[in-house]
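The values are calculated or read from the model by the stated rules, or taken from the named source; none is laboratory data. Bear in mind the structure is a predicted one, so any value in this text is a computation, not a measurement. As a convention, Cβ positions derive from the backbone with ideal geometry for all residues, glycine included, and neighbour counts pool all protein chains shown. Surface accessibility is based on the protein's heavy atoms, side chains included, excluding ligands, DNA and RNA. Shrake-Rupley method; radii C 1.70, N 1.55, O 1.52, S 1.80 Å.
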Amino acid sequence: MGSVYFYHLTRSGLEDTVRVLLGKSLAAGWRVELRCPDADTADRLDAQLWRGPEDGFLPHGRAGGDHDARQPVLLTVAGDPPGNAPTALMAVAGAPVRADEVTTLERASILFDGHDPAAVQFARDQWRGLTQAGLSAQYWSQEAGRWEKKSET
């Protein structure tokens with residue numbers, strides 16, 4: 001059964017954190033679905049991943065293409081089927097995550113903006129729902145300037 005990691009972004013931006021976590025996921029040999037709440041967020045992240053440093057290229061694609069199954073990282077919009085058989089899920093900016101899908105994954109990561117009260121509340125609701133469904137979860141924060149695990153169930 002997979003676990004859920006919550007990342008409370010207070011210092012690093014979404015794009016930088018996504019890049020770091022995707023790099024670690026690929027190094028672990030995972031195929032990742034990067035789930036966005038809408039097409040605008042997916043477009044922005046897609047553009048940022050293409051503009052990354054030459055030595056830090058992260059192979060990826062947008063869902064709906066001819067080669068979805070071959071993509072190590074597939075950007076989806078909530079509701080799109082993940083066509084790359086992911087072993088990990090990264091949900092950003094309020095994209096939903098269901099307990100039943102986490103059980104088939106190595107890990108689900110939920111990244112949320114710590115400066116947005118609505119995003120924080122949504123993440124709290126997700127935490128409550130996913131842990132009540134029996135999933136293990138970790139909460140990571142950047143309060144002290146670096147990532148620290150603050151809670152675990």
Residue check, A69 part of a helix (DSSP H, G or I), open to solvent by 30 Å² or more (accessible area, probe 1.4 Å), more than 24 Å from Y139 (Cβ to Cβ) and among the hydrophobic types (A, V, I, L, M, F, W, C): yes
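Quick one: which of Q132, Q126, Q121, Q71 is within 14 Å of the chain's Cα centre (by Cα) and either over 20 Å from V20 (Cα atoms) or modelled with pLDDT of 90 or more (or both)? Can you show your working first?
Working: Q132 fails: within 14 Å of the chain's Cα centre (by Cα); Q121 fails: within 14 Å of the chain's Cα centre (by Cα); Q71 fails: within 14 Å of the chain's Cα centre (by Cα).
Going through Q132, Q126, Q121, Q71 in turn, just one is within 14 Å of the chain's Cα centre (by Cα) and either over 20 Å from V20 (Cα atoms) or modelled with pLDDT of 90 or more (or both): Q126.
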Tally, over region 130-153, of residues that are open to solvent by 40 Å² or more (accessible area, probe 1.4 Å) and assigned to a helix (DSSP H, G or I): 1
Every pair of residues 6+ apart whose Cβ atoms lie under 7 Å, when the first sits in region 110-139 and is touching a residue at least 40 places away in the same chain (Cβ under 8 Å) and within 22 Å of C36 (Cβ to Cβ) while the second is part of a helix (DSSP H, G or I) and polar (S, T, N, Q): I110/Q126; L111/T17; A137/T131
Residue ID - farthest from A63 (Cα to Cα), chosen from residues in region 30-43 that are in contact (Cβ under 8 Å) with a residue 24 or more places away in the chain and open to solvent by 10 Å² or more (accessible area, probe 1.4 Å): W30
Filter result for the condition that a residue is touching a Pro at 6+ places or on another chain (Cβ under 7 Å) and open to solvent by 10 Å² or more (accessible area, probe 1.4 Å), over L58, L74, L26: L26
